[in-house]
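Before any comments, here is the structure.
The values are calculated or read from the model by the stated rules, or taken from the named source; none is laboratory data. Please read these numbers as outputs of a predicted model, since none were measured by experiment. Reconstructed Cβ throughout: ideal geometry from the backbone, glycine too, with neighbour counts over all protein chains shown. Side chains included, ligands, DNA and RNA excluded: accessible areas come from the protein's heavy atoms. Shrake-Rupley method; radii C 1.70, N 1.55, O 1.52, S 1.80 Å.
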Amino acid sequence: MNTGELRLRLKNVNGRMLFEESYARGAFKLGKQVWRNGIPLYYLLHVGGGYVSGDTYTQQIELLDNTSLYLTTQAATKVYKGTTPAVVSTSIKLGEHSHLSLLQDPLILYEHATFHQMTTIELAKTSTLYYSEIMTPGWSPTKEPFTYKELYTELAIRRDGKLFYIDRLCWEKGQQQHLLQLGNYTHYGSFVCVDKLADTFYDELHKVTHPDCEIGYSQLDKEGFVLKIAAKETQHIENVFQRIDDLLKVTKQEQPLRLRKY
């Protein structure tokens, strides 16, 4: 049996966004609805305090045609030490003219933590997606930055049934600071935008800088971009992500989205 399970299906009823299905069990819960830019915002809650060895979680999220949803986590998610990985499997499907913003707080991996995350997203031709994640090392008795055992993540996005973007990240203990990985940095962030409107300011992304970060970005076949950051503090990554999201909101003539919980 899964440690936590979440199933969401959103539909449009005469312009109102309503859940056709909303189910949460175990350590996963769903917070109350609030509104931003006329779009429902929900907080994903983890009532178990964090992931531990052998935990398994599943999430299924579906947005039917002409729907929009903001999802974010309530706080940073902690991964504690274990001999076997905690595993989170997420499946997302977006219908025509739908939009999902899934903007997550940091994943913090403590000493001897092992964590696997697999995310699959199916997009229709006209759906849009904003997806962000942050990985950080947790506290350890030796105060060394990379004491977790293993981190493996996979994000696969398909557009109209065809593979559009795939990103795999695999870090094992002692390998985090190798060339072409994090270098002298300790924190990692990724922001994926699948939205044709984002191309209107793609050439301006070089202006989004931070003195304490290394930032790189690539265009996604003229349908958005992926931006990656190496940093030494979570707040630096959050600052860059906020500026990116502000640009996206201006493009859509929407108010900036503020998700900070503290």
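Once you've got the GNM for the chain with C-alpha springs shorter than 10 Å, pick whichever of Leu123, Leu151, Leu163 has the biggest mean-square fluctuation.
Most flexible of the set in this elastic network: Leu163.
Could you list the residues of segment 16-37 with an amide nitrogen less than 18 Å from a label point located 7 Å from the Cα of His97 in the Cα-to-C-beta direction?
16-18
Working out 0.36 nm times the residue gap between Met1 and Glu150, then minus their Cα-Cα distance, what length gain in nm do you get to one decimal?
Contour length minus the Cα-Cα distance gives 51.3 nm.
Rounded to the nearest 10 Å², what accessible area does Tyr51 show when all protein chains are kept and the probe is 1.4 Å?
Here the accessible area works out near 20 Å².
How much length is gained if the chain between Leu64 and Lys207 is pulled fully straight, taking 0.36 nm per residue apart and subtracting their Cα-Cα distance, in nm to one decimal? If you can, show how the numbers build up before the last one.
Values: separation 143, 0.36 × 143 = 51.48 nm, distance 3.56 nm.
Full extension of this stretch gives 47.9 nm more.
When the accessible area of the chain is computed with all protein chains present and a 1.4 Å probe, what percentage of it is carbon and sulfur?
Working: 6270 of 12720 Å².
Carbon plus sulfur share of accessible area: 49 percent.
How would Asp55, Asp221 rank on accessible area, largest to smallest, probe 1.4 Å? Intermediate results must be reported in sequence, preceding the final value.
Working: Asp55 20, Asp221 115 Å².
Ranking Asp55, Asp221 by accessible area, largest first, yields Asp221, Asp55.
Report, in deg cm²/dmol and to the nearest 500, the calculated mean residue ellipticity at 222 nm for the chain, where each DSSP H run with n ≥ 4 adds -39500 (n - 2.57) and the sum is divided by the residue count. It would help to have the intermediate numbers written out before the result.
On the way: 1 runs with 18 residues, N = 262.
Mean residue ellipticity, 222 nm, calculated: -2500 deg cm²/dmol.
Given the Cα-Cα distance of Asp160 and Lys249 and 0.36 nm per residue of separation, how much length would full extension add, in nm? Let's see the in-between values first.
Values: separation 89, 0.36 × 89 = 32.04 nm, distance 2.50 nm.
Length gained, Asp160 through Lys249: 29.5 nm.
Bin all alpha-carbon pair distances of the chain at 10 Å intervals from 0 and give each bin's fraction as a whole percent.
Histogramming the chain at 10 Å steps yields 7, 30, 38, 22, 4, 0 percent.
Would segment 139-244 count as rounded, prolate or oblate if I go by the C-alpha gyration tensor, calling it rounded below 1.5 in a/c and otherwise prolate when a/b exceeds b/c, oblate otherwise? All intermediate terms of the calculation are to be shown ahead of the outcome.
Working: a/c = 2.74, a/b = 1.49, b/c = 1.84.
The shape class here is oblate.
What does segment 18-124 give for Rg and for Dmax, in Å, if only its C-alpha atoms count?
When restricted to the Cα atoms of segment 18-124, Rg and Dmax are 14.8, 45 Å.
Quick one: accessible surface of Thr136, probe radius 1.4 Å, all protein chains present, in square angstrom to the nearest 10.
That residue has around 10 Å² of solvent-accessible surface.
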